[in-house]
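Throughout, read-outs are computed from the coordinates displayed, never taken from laboratory work. Quantities reported herein were computed from a predicted structural model and do not represent experimental measurements. A quick note on method: Cβ atoms are made from the backbone with ideal geometry, for glycine too, and the neighbour counts reach across all protein chains shown.
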Amino acid sequence: MGRHFGNLARVRHVITYSISPFEQRAFPNFFSKGIPNVWRRFRASVFKWAPPMTVMYLTYTWGNGVHEQGKRKNIADFEKEVAAEEEE
């Protein structure tokens, strides 16, 4: 009734090697090669994402400032009402 899931295709001339997880080192060369590689990759990509992020942050803070200013009342618009209340 067909092939089982693990035997769906027959691959010839392919040799695979594996090592037991118990024989592998978990963090080989982590400090000597890993951290310098992270720093190198960060320096290579920082100029791709930092300028747009800076522009977006400045736009966001500017927009919040304009919004807060728009919520304030202009006292000059209400001077006539304050003067009328003081006369009464």
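For this structure, a couple of remarks:
- Label-point separation in nm, Asn37 to Leu58, each point 7 Å along Cα→Cβ: 3.6 nm
- Comparing Pro36, Ala50, Ser20 along the charge dipole axis of the chain, the residue lying farthest to the positive side is Ser20, per the Cβ-charge model.
- Rounded to the nearest 10 degrees, the angle from helix 35-71 to the longest Cα principal axis of the chain is 20 degrees.
- Mean Cβ neighbour count within 10 Å, used as a protection proxy, ranking 65-76, 15-26 highest first: 65-76, 15-26
- Coarse-grained scattering of the chain at q = 0.18, 0.22 Å⁻¹, given as base-10 log I(q)/I(0) from a Debye sum over alpha-carbon atoms: -1.00, -1.10
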